[in-house]
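Dumping the structure here so I can ask a few things about it.
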Amino acid sequence: MTWLAYVAPIAVLVVWFLTGFPGRHERRRARELARWRGLMTPKQVQRKKEGYRATKETEVDLAGPRQVTAFPGDLNRLIPEIGGGVSVARYELIEKLAYVAVMGPDLVSGSEYQAVLARLERPGPAFTVRPLPIIDGKRIPNTGVQFKKDPAFMQLFLVEGPDAKKIGKWLPRSLRAALLELPDAWLYVDGRAMAVVLYGPVDADRMVDLITAADTLFADHGAEGGPSLFFDEEDDDRGDDSEDEDGEGEEEEREVAKPAPAKVPVKAAKAGEKQPAKAAADKK
């Protein structure tokens, strides 16, 4: 058993290197997570009375996405599939519907990553979207699900799954465009669970980009109508998509808004002049 005297110290060193020199790396990660929570947090105006009928308005940050101790079971089962590892932090975006997982490496998984885990309205086809691998400085031929009318997407992403037609319908052009905005993203869909993942160290700006991409996907397929992941109350203008003959979702044409009728000048109204529409009616 003398070999244990050599293996144990080596294992400790491996974990130490995989976690990126814990002291400095953990401090940087904590700073980036705090900055990300600030970027995710809307400003709230706080009013305070000062003197007789005087108020002072100051902007204060809300607490940001709150930390939780665990994910719902159907979302937690995605963790081994997307990379496993050690949980660093868990945040809630929408209760029971959407969460952020911040994961660190362990002896099995050497990757650090951040993931948005979300519950879907209906079960989706099982598939994975990942950046098209690069070998010897060139991207490999794309042998995955074919999107012939979207060459830009096929140049950057490999889509793998058993049912190409269902995958094409689930992933219309508008959602592919959202992924093109974040070419390092991975997408996992399995039943009623979805994960959008970025591999690498924590970076606040990249995490906002990650949630932006996940928000677009969640708006189309998320449970309970896919509410915004950004805590705003404004409705997003997202058009519906329809399936084309190749199984790809194409955007429907939107109606052009009609211009509002011209307003009558104030002076004319005060002088008692008739509005154009009323004058035309009086002539008949």
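Contact list please: Cβ distance under 6 Å, first residue in the range 100-113 and under 14 Å from residue 29 (Cα atoms), second residue among the aromatic types (Phe, Trp, Tyr), pairs at least six apart or on different chains.
The qualifying pairs are 103/113; 113/199.
Restricting to the range 98-125, name every residue that is among the aliphatic types (A, V, I, L, M) and in contact with a Gly (Cβ under 7 Å, 6 or more places away or on another chain). Before the answer, list the steps.
Filtering the range 98-125 down to residues among the aliphatic types (A, V, I, L, M) leaves 98, 100-103, 107-108, 115-118, 120.
Of everything in the range 98-125, those that are among the aliphatic types (A, V, I, L, M) and in contact with a Gly (Cβ under 7 Å, 6 or more places away or on another chain) turn out to be 103, 108, 118, 120.
Then there is this: Confirm whether residue 100 is surrounded by fewer than 18 Cβ atoms within 10 Å (Cβ to Cβ), closer than 18 Å to residue 67 by Cβ and hydrophobic (A, V, I, L, M, F, W, C).
Details: surrounded by fewer than 18 Cβ atoms within 10 Å (Cβ to Cβ): no; closer than 18 Å to residue 67 by Cβ: yes; hydrophobic (A, V, I, L, M, F, W, C): yes.
So residue 100 fails the test.
Tell me whether the range 197-206 contains one or more residues that are out of contact with any Ser or Thr (no Cβ under 9 Å at 6 or more places or on another chain), in a strand (DSSP E or B) and within 24 Å of residue 112 (Cβ to Cβ).
Within the range 197-206, the first condition is being out of contact with any Ser or Thr (no Cβ under 9 Å at 6 or more places or on another chain), and the residues that meet it are 197-198, 201-206.
Still in the running and in a strand (DSSP E or B): 197-198.
Next, only the ones that are within 24 Å of residue 112 (Cβ to Cβ) stay: 197-198.
Looking for residues that are out of contact with any Ser or Thr (no Cβ under 9 Å at 6 or more places or on another chain), in a strand (DSSP E or B) and within 24 Å of residue 112 (Cβ to Cβ), one finds at least one in the range 197-206, hence yes.
Would you point out which residue out of 232, 209 is at pLDDT below 95 and among the charged types (D, E, K, R)?
Numbers: 209 fails: at pLDDT below 95.
Sole residue among the options that is at pLDDT below 95 and among the charged types (D, E, K, R): 232.
Could you please give the count of residues in the range 20-51 that are modelled with pLDDT under 75 and either closer than 22 Å to residue 206 by Cα or not acidic (Asp, Glu) (or both)?
First, pick out the residues of the range 20-51 that are modelled with pLDDT under 75: 20-22, 42-51.
Pick out the ones that are also either closer than 22 Å to residue 206 by Cα or not acidic (Asp, Glu) (or both) and you get 20-22, 42-49, 51.
Of the residues in the range 20-51, 12 are modelled with pLDDT under 75 and either closer than 22 Å to residue 206 by Cα or not acidic (Asp, Glu) (or both).
Please work out if residue 184 is of a type in the set (Asp, Glu) and assigned to a strand (DSSP E or B). Even if it seems obvious, please write down each step before you answer.
Working: of a type in the set (Asp, Glu): yes; assigned to a strand (DSSP E or B): no.
In short, no.
A quick yes/no check of all residues on (1) surrounded by fewer than 18 Cβ atoms within 10 Å (Cβ to Cβ); (2) more than 25 Å from residue 190 (Cβ to Cβ); (3) at pLDDT below 95; (4) of a type in the set (D, E, K, R):
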| residue | (1), (2), (3), (4) |
| --- | --- |
| 131 | yes, no, no, no |
| 135 | yes, yes, yes, no |
| 138 | yes, yes, yes, yes |
| 145 | no, no, no, no |
| 153 | no, no, no, no |
| 161 | no, no, no, no |
| 168 | no, no, no, no |
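Looking at the structure I just gave you, is residue 168 out of contact with any strand residue (DSSP E or B) (no Cβ under 6 Å at 6 or more places or on another chain) and more than 16 Å from residue 100 (Cα to Cα)?
Values: out of contact with any strand residue (DSSP E or B) (no Cβ under 6 Å at 6 or more places or on another chain): yes; more than 16 Å from residue 100 (Cα to Cα): yes.
When the stated conditions are applied, residue 168 passes them.
Name, by its number, the condition in (1) surrounded by fewer than 17 Cβ atoms within 10 Å (Cβ to Cβ); (2) at negative phi; (3) part of a strand (DSSP E or B) that does not hold for residue 230.
Looking at each condition in turn, residue 230 falls short on (3).
The values are calculated or read from the model by the stated rules, or taken from the named source; none is laboratory data. Note that the structure is predicted; figures quoted are calculated from it, not measured. For neighbour counting, all protein chains shown are included, and Cβ atoms are generated from backbone atoms with ideal geometry for every residue, glycine included.
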